[in-house]
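The values are calculated or read from the model by the stated rules, or taken from the named source; none is laboratory data. The model shown is predicted, which means the values in this text are computed figures rather than measured ones. Cβ placement follows ideal geometry from the backbone for every residue including glycine, while neighbour counts extend to all protein chains displayed.
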Amino acid sequence: MKRLVSSGLLAVALVAAAEVQAQGILPFSVEARGGLAFPTTDFPTGNGGVGEAENGVGFGVNATFSFLPGIAVYGGWDRVTFGAGDNVGGGSESEFVDQGFAVGGKLSLPLGLLVGVSPWVKGGALIRTLDLQGDDGVSLFADDESGRSTGFEVGAGVDIPLGLVLSFTPGVTYRTYKPDFGGTSDNSVSYVDVSLGLRARI
């Protein structure tokens, strides 16, 4: 039994070492992502009320540094635009714009050389702003752009190698934060982001 456990641990260690070697001397990577977002709450409008947010689209970029096999830190920026319901903006065309930064940690199982994909999970802190804009890109009310607000995100996905340099990285992320409108709203922004990514190791 001990010999079997030892052999299993050795196999995992060898796979992890091979994975790190495949990433190169400096285990940095950069990633571009894009996808759809699905609100789980109504969004605050900045004037003390809330409004219906429709499904949105987003894009972003991030960078990752793997300092140990399967353990990494990441940081990035993204922007998600949600259509606003008919009850928002006095009947005019309007949209919620959520954007900002995320930093956190990422854990992955280095199984790519064995099964072709590597599952990963992540968790981090957010620094975001929320803006309600008209169809001309201008805020509908003077106080509709929130101050920078903090929140958190958690996510999971898989890394599918496309060679030694590129990987395809589909994933799902849940984000939530409470926009700062000077104390005029206690409502949070929460949504699920389903996105596809392309990661390049440096």
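Structure above, values below:
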{"item": "In segment 45-68, the residues that are at pLDDT below 85 and in contact with a strand residue (DSSP E or B) (Cβ under 7 Å, 6 or more places away or on another chain)", "result": "Thr45, Gly46, Val50, Gly51"}
{"item": "Pair list, Cβ < 6 Å and 6+ apart or interchain, from segment 146-161 residues that are closer than 30 Å to Phe181 by Cβ and among the basic types (Lys, Arg) to residues that are part of a strand (DSSP E or B) and at pLDDT 95 or above", "result": "Arg148/Ile127"}
{"item": "Among the candidates Val103, Val165, residue that is more than 19 Å from the chain's Cα centre (by Cα), of a type in the set (Val, Ile, Thr) and at pLDDT 80 or above", "result": "Val165"}
{"item": "Among residues of segment 44-77, those that are under 19 Å from Leu196 (Cα atoms) and either among the small types (Gly, Ala, Ser) or in contact with an Asp or Glu (Cβ under 8 Å, 6 or more places away or on another chain) (or both), counted", "result": "10"}
